[in-house]
Amino acid sequence: MRVIVVGSGVVGASCAYTASCLGAEVLLADAALPGQATAAGAGIVCPWASSSADDPVWYQFACAAARHYPRLVEELAGLGETDLGYGQVGGLILADSPQRQQEVSQRLLARRAAAPEIGDVTGLTGAEARALFPPLRADGAAVWLGGASRVDGRLLAQSLTRAAAGKGTVITASRAELVCRGGRAAGVLVKGVLIEADVVVAATGAWTTSFLRAAGVAVEVTPQRGQIVHLSVEPADTSRWPVVLPDASGHYLLAFGGSRVVAGATRETGAGFDCRVTPGGLSQVLGHALAVAPGLASATYRETRVGFRPMGPDILPLLGPVPGVDGLVVATGLGPDGLTLGPYAGAIAARAALGEPAGVDLTPVSPLRAARPAALSG
Ligand SMILES: Cc1cc2nc3c(=O)[nH]c(=O)nc-3n(C[C@H](O)[C@H](O)[C@H](O)COP(=O)(O)OP(=O)(O)OC[C@H]3O[C@@H](n4cnc5c(N)ncnc54)[C@H](O)[C@@H]3O)c2cc1C
């Protein structure tokens, strides 16, 4: 079977990799549009503490996605792909009062019965938290969550793409336009040439609405701009520093090897496809970072990345075959959680494209479903 995957962010790269492993003939096309979310994403993989965890459909999907990670990392390591920035470094959820600390611990412990991947849940004093992430303020209590991980989205997508190529996927660095005929996706136009396929997978992130226009279906995906700041705290060894999730603000900190600390991020709905770094964005991100981690005031500024989170009409993915258009699968709408959900969602999209059981009920995430009423996402 011939499959064309459009978009090589984390979702498309995972889809191409899985489809190749399942024996499909795969073409992966990406236009390298500025603002790819995967390349800008922070990389926190910790769905159990998310405000979206109150939505049972999202939570079940996210838990399955988190369980998928260690397996995928091991599989890629078997192919020689070890440079993913992945690490189960644990997480600190900052709590501004002992009562809040207890509430957070209890909520996580209650969830742990069904999700043992959550790992250790322990209350820490400010000094204990600071011993793990030295720039933190010394006065704030925290909850330690042992199962939290982080990944470098850019490296992960590149690894998946290389692994897919190793399994026979053909890569093209080009824009692809969807071509539909007689109620089915016929293929894509690349540089004016029609490339036919049995199935086209739209893993086109925030650009999905325009990509699907040729199919005559209205799938609502809008870009939410995120500005995220990278700092250097040389010569500190940051390779095991945990992710830091301040309780309410939605901002966060994490670290990778090489003394790199990442402070995120703005959530700018309505900014459109505008990839500029703005003084307002920088001030917001650095203001929140320094309020919880004043020790970062003397760090070295490295860069600011900008990406467009693909926001669907609600917090659930848009995933699976498009009803009424044969040969068309959509895999997007992962919003602020796509580095957590993306590898799993891409693998499901590949199975859906090949007509294999998805292993999960796709009805609630169908691309043309009605939006769910409450937007619970952070
Ligand atoms: C600042 C920021 C922080 C984030 N932090 C986290 C986090 O900590 N944890 C987490 O789980 N998630 C996080 N996310 C969310 C996550 O990054 C995204 O949800 C995820 O990367 C989306 O992946 P994607 O493959 O759907 O889209 P993208 O990565 O945007 O990829 C889409 C690709 O499609 C290509 N494309 C589009 N149209 C065409 C076309 N017509 N032809 C060819 N190519 C095309 C584009 O070039 C692009 O490469 C964050 C996002 C941002 C912006």
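The values are calculated or read from the model by the stated rules, or taken from the named source; none is laboratory data. What you are looking at is a predicted structure, and each value in this text was computed from that prediction instead of being measured. Every residue, glycine among them, receives a Cβ derived from its backbone with ideal geometry; neighbour counts consider all protein chains shown.
For the criterion of being at negative phi and surrounded by fewer than 24 Cβ atoms within 10 Å (Cβ to Cβ), residue 33 passes. Applying the set (1) more than 27 Å from residue 244 (Cβ to Cβ); (2) away from the ligand (no atom under 16 Å from the Cβ); (3) aromatic (Phe, Trp, Tyr) to residue 273 leaves exactly one unmet item: (2). Only one entry in 280, 226, 270 is modelled with pLDDT of 95 or more, crowded, with 24+ Cβ neighbours inside 10 Å and not charged (D, E, K, R), namely 226. Return yes when residue 375 is modelled with pLDDT under 95 and within 16 Å of the ligand (Cβ to nearest atom) and no when it is not. When the stated conditions are applied, residue 375 passes them. Is it the case that residue 250 is on the phi > 0 side of the Ramachandran plot and touching a helix residue (DSSP H, G or I) at 6+ places or on another chain (Cβ under 6 Å)? No, not satisfied.
Could you please let me know if residue 203 is under 29 Å from residue 254 (Cα atoms), of a type outside the set (Lys, Arg) and more than 14 Å from the ligand (Cβ to nearest atom)? Considered against the rule, which asks whether it is under 29 Å from residue 254 (Cα atoms), of a type outside the set (Lys, Arg) and more than 14 Å from the ligand (Cβ to nearest atom), residue 203 comes out as no. All conditions in (1) more than 15 Å from the chain's Cα centre (by Cα); (2) under 22 Å from residue 17 (Cα atoms) hold for residue 345, with the sole exception of (1).
Looking at the structure I just gave you, is residue 242 in contact (Cβ under 8 Å) with a residue 60 or more places away in the chain, more than 10 Å from the ligand (Cβ to nearest atom) and over 30 Å from residue 326 (Cα atoms)? Yes, satisfied. Looking at the range 9-16, can you tell me whether even one residue there is touching a residue at least 12 places away in the same chain (Cβ under 8 Å), within 14 Å of the ligand (Cβ to nearest atom) and either in a loop (DSSP other than H, G, I, E, B) or not assigned by TED's automatic domain parsing to the domain that holds residue 186 (or both)? Checking the range 9-16: at least one residue is touching a residue at least 12 places away in the same chain (Cβ under 8 Å), within 14 Å of the ligand (Cβ to nearest atom) and either in a loop (DSSP other than H, G, I, E, B) or not assigned by TED's automatic domain parsing to the domain that holds residue 186 (or both).
May I ask you to verify whether residue 110 is of a type in the set (A, V, I, L, M), surrounded by fewer than 17 Cβ atoms within 10 Å (Cβ to Cβ), in the same structural domain as residue 233 (by TED's automatic domain parsing) and in contact with a Lys or Arg (Cβ under 7 Å, 6 or more places away or on another chain)?
Taking the combined requirement at face value, the residue does not satisfy it.
Restricting the range 126-160 to residues that are at pLDDT below 95 and assigned to a loop (DSSP other than H, G, I, E, B) leaves a set whose member that is surrounded by the most Cβ atoms within 10 Å (Cβ to Cβ) is 140.
On the stretch given as the range 46-92, residues that are over 22 Å from residue 110 (Cα atoms) and in a helix (DSSP H, G or I) total 10.
If only residues of the range 209-220 that are under 23 Å from the mean Cα position of the chain (by Cα) and more than 9 Å from the ligand (Cβ to nearest atom) are counted, the one that is surrounded by the most Cβ atoms within 10 Å (Cβ to Cβ) is 212. Return a yes/no flag: does the range 188-206 have any residue that is among the charged types (D, E, K, R) and surrounded by fewer than 16 Cβ atoms within 10 Å (Cβ to Cβ). Taking every residue of the range 188-206 in turn, at least one turns out to be among the charged types (D, E, K, R) and surrounded by fewer than 16 Cβ atoms within 10 Å (Cβ to Cβ). Between 296, 286, 282, 290, the distinction of being free of Cβ contacts under 8 Å to residues at least 12 places away in the same chain, more than 20 Å from the chain's Cα centre (by Cα) and either closer than 14 Å to residue 153 by Cβ or not in a strand (DSSP E or B) (or both) belongs to 290 only. When restricted to residues that are of a type outside the set (A, V, I, L, M, F, W, C), more than 29 Å from residue 4 (Cα to Cα) and buried (at least 19 other Cβ atoms within 10 Å of the Cβ), the range 36-51 contains 2. Does the range 332-351 contain at least one residue that is surrounded by fewer than 23 Cβ atoms within 10 Å (Cβ to Cβ) and either under 28 Å from residue 188 (Cα atoms) or in contact with a helix residue (DSSP H, G or I) (Cβ under 9 Å, 6 or more places away or on another chain) (or both)? The answer is yes, given that some residue of the range 332-351 is surrounded by fewer than 23 Cβ atoms within 10 Å (Cβ to Cβ) and either under 28 Å from residue 188 (Cα atoms) or in contact with a helix residue (DSSP H, G or I) (Cβ under 9 Å, 6 or more places away or on another chain) (or both). Restricting the first member to the range 205-216 and to residues that are aliphatic (A, V, I, L, M), and the second to residues that are in a loop (DSSP other than H, G, I, E, B) and buried (at least 18 other Cβ atoms within 10 Å of the Cβ), the beta-carbon pairs closer than 7 Å and six or more apart or on different chains are 206/221; 212/219; 215/322; 215/325. Quick check on the range 161-179: of everything there that is more than 14 Å from the ligand (Cβ to nearest atom) and within 23 Å of residue 70 (Cα to Cα), which residue is surrounded by the fewest Cβ atoms within 10 Å (Cβ to Cβ)? Checked the range 161-179; the qualifying residue surrounded by the fewest Cβ atoms within 10 Å (Cβ to Cβ) is 166. In the range 36-58, of all residues being more than 12 Å from the ligand (Cβ to nearest atom) and touching a Pro at 6+ places or on another chain (Cβ under 7 Å), the one that is farthest from residue 92 (Cα to Cα) corresponds to 57.
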